[in-house]
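Read the figures in this text as sums done on the coordinates, not as results from a lab. It should be emphasised that the depicted structure is a prediction, and the values quoted were computed from it without experimental measurement. With ideal geometry, Cβ positions are generated from the backbone for all residues, glycine too; neighbour counts draw on all protein chains shown.
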Amino acid sequence: MAERAEQPETGDEVLVRVIDKGLGGRIHIRVSHFKDRDYIDVRNFYEADDGQWLPTRKGIAVPVELYQELLDALTAAKAEVDKRTAAPEAGKQSGPEAGKQPATKK
């Protein structure tokens with residue numbers, strides 16, 4: 001479930017949204033500044049033993065100049081995501097078992 005950022009902006013970084021992945025993981029969407037450039041940073045975070053949320057190396061930092069192109073690509077991906085997450089039609093199987101015949105006893 002996505003939630004609004006809990007933390008206020010700090011320095012050149014603004015936490016825009018937090019998405020809970022469950023099992024002690026979250027995705028943070030931030031706007032940050034690094035080496036004279038602004039970025040949209042989408043990164044996995046994990047909960048440390050002390051309860052603090054720390055970034056992992058898994059993520060991507062996209063220059064803000066590519067924001068519209070990134071948004072267009074995510075919008076284009078929506079149709080495929082919708083196909084993969086839609087409930088299967090009655091009588092149709094999906095996933096690794098699709099197309100396999102049921103086992104018969106000999």
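Counting other beta carbons within 10 Å of each residue's own, what order do 30, 37, 43 fall into, fewest first?
The fewest-first ordering by Cβ neighbours comes to 37, 43, 30.
When all alpha-carbon pairs of segment 2-84 are counted, what percent fall beyond 17 Å?
Every Cα pair in segment 2-84 considered, those over 17 Å come to 55 percent.
How far apart, in nm, are the 7 Å Cα→Cβ label points at residue 76 and residue 27?
Taking the two extended label points, one gets 1.9 nm.
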